[in-house]
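One structure is given here, and the rest of the page talks about it.
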Amino acid sequence: MDLIKKIIKHQKGQSQRFYTPDPKNKDALFNLFTEFAEVKSREQIFEVLMKYRALLDRNEFRLLDILSTPFFAAHYEGPDGTYHKLTNVEPIIPIKLFNDVQVKLDEFEHGLNHGISLSQKSAYITPICCKCQNELKLQKRENWGIRNILLL
């Protein structure tokens, strides 16, 4: 997400990076997490994702990634699965809210994955002859116009 990086120089030539939220997106991110933590159905998940897709100018895949990233709560996930505080990051959300969102993501994981896989499938239309019900195939030939579809 768009975060402002600040580099503060310390003595002895060392510098430490501190991350603060972009003021124009901070409230929208907080509201995204808050609203997602309160969803009770797949339809509500869809509504929240579509609302914040427009507000944050991110696609639904990136929004789901944001919702599962502990960085926004100023934490990182250790190898053992526990969360550890990042002292150089200003949190946008409390860790409790992040954990509540993780519960909702786990609760609706199957439905989310099913919806995403359905949205990625392409729709193909196969023309069928109305008389014999056989599949029509496209043959490309010059100057045939509408007669490009032939029964084969």
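The values are calculated or read from the model by the stated rules, or taken from the named source; none is laboratory data. All values derive from a computational prediction rather than experimental measurement. Virtual Cβ from ideal backbone geometry, glycine too; neighbours counted across all protein chains shown. Only protein heavy atoms, including side chains, enter the accessible area calculation; ligands, DNA and RNA are left aside. Shrake-Rupley method; radii C 1.70, N 1.55, O 1.52, S 1.80 Å.
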Handout entry: Among (1) within 30 Å of ASP27 (Cα to Cα); (2) modelled with pLDDT under 55, the one test that LEU97 misses
Key = (2)
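Within segment 26-45, count every residue that is open to solvent by less than 10 Å² (accessible area, probe 1.4 Å) and closer than 12 Å to PHE72 by Cα.
Residues of segment 26-45 open to solvent by less than 10 Å² (accessible area, probe 1.4 Å): 29, 32-33, 36, 39, 45.
Next, only the ones that are closer than 12 Å to PHE72 by Cα stay: 29, 32-33.
Number satisfying all stated conditions: 3.
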Fill in the blank from the handout: Considering segment 77-94, residues that are more than 23 Å from ALA28 (Cβ to Cβ) and among the acidic types (Asp, Glu), and then whichever is surrounded by the most Cβ atoms within 10 Å (Cβ to Cβ), we arrive at GLU77
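Taking segment 70-85 as the region of interest, how many residues are in contact with a strand residue (DSSP E or B) (Cβ under 9 Å, 6 or more places away or on another chain) and free of Cβ contacts under 8 Å to residues at least 24 places away in the same chain? Break it down stepwise before answering.
Looking only at segment 70-85, we keep the residues that are in contact with a strand residue (DSSP E or B) (Cβ under 9 Å, 6 or more places away or on another chain), and these are 70-78, 83-85.
Add one more test, that the residue is free of Cβ contacts under 8 Å to residues at least 24 places away in the same chain, and what stays is 71, 74-78, 83-85.
Going through segment 70-85 one residue at a time, the tally reaches 9.
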Exercise for the section: Say whether the condition of being part of a loop (DSSP other than H, G, I, E, B), among the polar types (S, T, N, Q) and either closer than 26 Å to PRO23 by Cα or modelled with pLDDT under 90 (or both) is met by at least one residue in segment 82-94. Expected result: yes
Practice task
Starting from segment 1-28, keep only residues that are β-branched (Val, Ile, Thr), then list their pairs with residues that are at pLDDT below 65 and assigned to a strand (DSSP E or B) whose Cβ atoms are within a distance under 8 Å, requiring at least 6 positions of separation or different chains.
Solution key: THR20/LEU3; THR20/ILE4; THR20/LYS6
